[in-house]
Amino acid sequence: MSLFKRFPALFVLFTLTLLGACSTSKDARRIPTSLTNIKPELEVQQVWSTHVGITEQYLFQPTAVGEAVYAAAANGTVVKINADNGREIWRKKLPVALSAGVGSDGELTAVGGKDGYIYVLNAQGELLWKADVKREILSAPLVGNGFVLVRTGDGNITAFNGSNGEQKWVFHNRSIPLNLRAPNGMTFAGEDAIIAGFPGGALAAINLATGDAYWQIPVSYPTGVTEVERINDVVGTPTLVGRETCAVTFQGRIACFDAQAGQAIWEHPFSSYGGLAQAEAVLAAVNEWSAVSLYDATTGRLYWQNTKLQGRNLSAPAIIGAAVVVGDYKGFLHFLSVATGDFVARLKTSGAITAQPILAGQTLIVQTQNGRLYGFRPR
């Protein structure tokens, strides 16, 4: 049932380099913190790993549909894997380099090409159709409800009929002088809407049928004098739990809103380049210095903040059971207690982790920049 009918009424490095070039002194908060020994309290087992392909300078976000996980790489590879045992279901090598992926609903799977085309595969992994969006694609497409939705680097969103590739509408974001060259996700809000954040700090609920906005509201406003200081982009993927949606901006705020009315529930100053995660009544976020914070999603109360990973270029977080999970630039996967913020486990992978970890069934999925896809199982 639709939410709107149910209720009435690598980019990390780019950011750091950009800010560092405009600073007269080196900020100590950007120096990676050395890891110290921890006492593991959570048992996490690696159950499988496989090679997909390197991501190059792009952020490839895997996606899960039930017990299956879909992933892609810059060389054109797209795979579907059984998340429980790591068995490959199908693998497709597209004849084009990719810059974004993956979106899937289990029937259709979509990735973005460096050539500005969106490529859509059927349930067997065969190319069904492609379409030219004429702009760089940095964000994973959103697939479902009969649509394939693609956002381009300028913040515009194009909606296609999932079955035949017919273009349905384009949502135009207002022109922004300077924004982060970073991926930004979209979230379905029931059957008739999506929620998306944009360069410039806006969050919008968009009608799937028409491409018009149900509402559009600023998460934060640009401040500062220079164009760099005024960068104020919504980053990561907005969350949606019940009728509450939350988002975070770079050099701005973290905030939660009523998804039906577009009205603010709470907000706090915050700056992130990665994004956030929400599970039931808690909201986790990583700030631009790689401090991890946990909030009460209903009230905005700060439960804890862990600064012991400062400067380690953390991925966006995931909340898996009683743990907040983040990856870092050295390939470490860190598990923090939801209750206390203390470390409860740590694992090493083969390469930098920039994509947000995801849960597929009972398996935690992690993709590294050097092309490995891992399946972990907390106990």
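Round to the nearest 0.05 the FRET efficiency obtained for N145 and Q216 when R0 = 30 Å and r is the Cβ-Cβ distance.
0.90
Between R301 and N161, what is the FRET efficiency for a Förster distance of 41 Å, r being their Cβ-Cβ separation, to the nearest 0.05?
Taking R0 as 41 Å, the efficiency between R301 and N161 is 0.40.
How much accessible area per residue does the range 96-231 have, in Å², with a 1.4 Å probe?
38 Å²
For the range 327-371, what is the convex hull volume of the alpha-carbon atoms per residue, in Å³?
Dividing the Cα hull volume of the range 327-371 by its residues yields 81 Å³.
Cross-chain or 8 or more residues apart, Cα under 21 Å: how many lysine pairs in the chain fit that? Count them up, please.
18
Under a point-charge model restricted to the Cβ atoms of Lys and Arg (+1) and Asp and Glu (-1), what is the dipole moment magnitude of the range 217-286 relative to its Cα centre, in debye to the nearest 20?
Taking the Cα centre of the range 217-286 as origin, the dipole is about 20 debye.
Please give me the summed charge of the neighbours of A297: other residues whose Cβ is under 10 Å from its Cβ, Lys and Arg +1, Asp and Glu -1.
-2
With all protein chains present, how much of the accessible area of the chain (probe radius 1.4 Å) comes from carbon and sulfur, to the nearest whole percent?
Here carbon and sulfur together make up 50 percent of the probe-accessible area.
Under unit Cβ charges (Lys, Arg +1; Asp, Glu -1), what dipole magnitude, rounded to 20 debye, does the range 178-261 have relative to its Cα centre?
For the range 178-261, the charge dipole is close to 200 debye.
Charges only on Cβ, +1 for Lys and Arg, -1 for Asp and Glu: so what's the dipole of the chain about the Cα centre, in debye to the nearest 20?
My answer is approximately 780 debye.
Sticking with the crude label model, points 7 Å out along Cα→Cβ, report the distance from Q362 to L35 in nm, one decimal please.
For the pair Q362/L35, the computed spacing is 2.6 nm.
Taking only the Cα atoms of the range 131-257, how large is their convex hull per residue, in Å³?
91 Å³
Take S175, S99 and sort them by solvent-accessible surface of the protein heavy atoms, 1.4 Å probe, largest at the top.
I get S175, S99, largest accessible area first.
Computed over the Cα atoms, what is the radius of gyration of the range 144-192 divided by 2.2 N^0.38 Å, N being its residue count?
1.26
Between the range 338-379 and the range 173-246, what is the separation of their alpha carbon centroids in Å?
Using only Cα atoms, the two centres lie 27 Å from each other.
Sort largest first and round to whole Å: the equivalent ellipsoid semi-axes of the chain, each the square root of five times a Cα gyration tensor eigenvalue.
In descending order the semi-axes read 28, 26, 21 Å.
Averaging over every viewing direction, what projected area does the convex hull of the Cα atoms of the range 255-357 cover, in nm²?
Mean orientational projected area (the range 255-357, Cα hull): 6.3 nm².
The values are calculated or read from the model by the stated rules, or taken from the named source; none is laboratory data. What you see is a predicted model; the values in this text were computed from it and never measured. Every residue, glycine as well, gets a Cβ built from its backbone with ideal geometry; the counts of neighbours run over all protein chains shown. Surface accessibility is based on the protein's heavy atoms, side chains included, excluding ligands, DNA and RNA. Shrake-Rupley method; radii C 1.70, N 1.55, O 1.52, S 1.80 Å.
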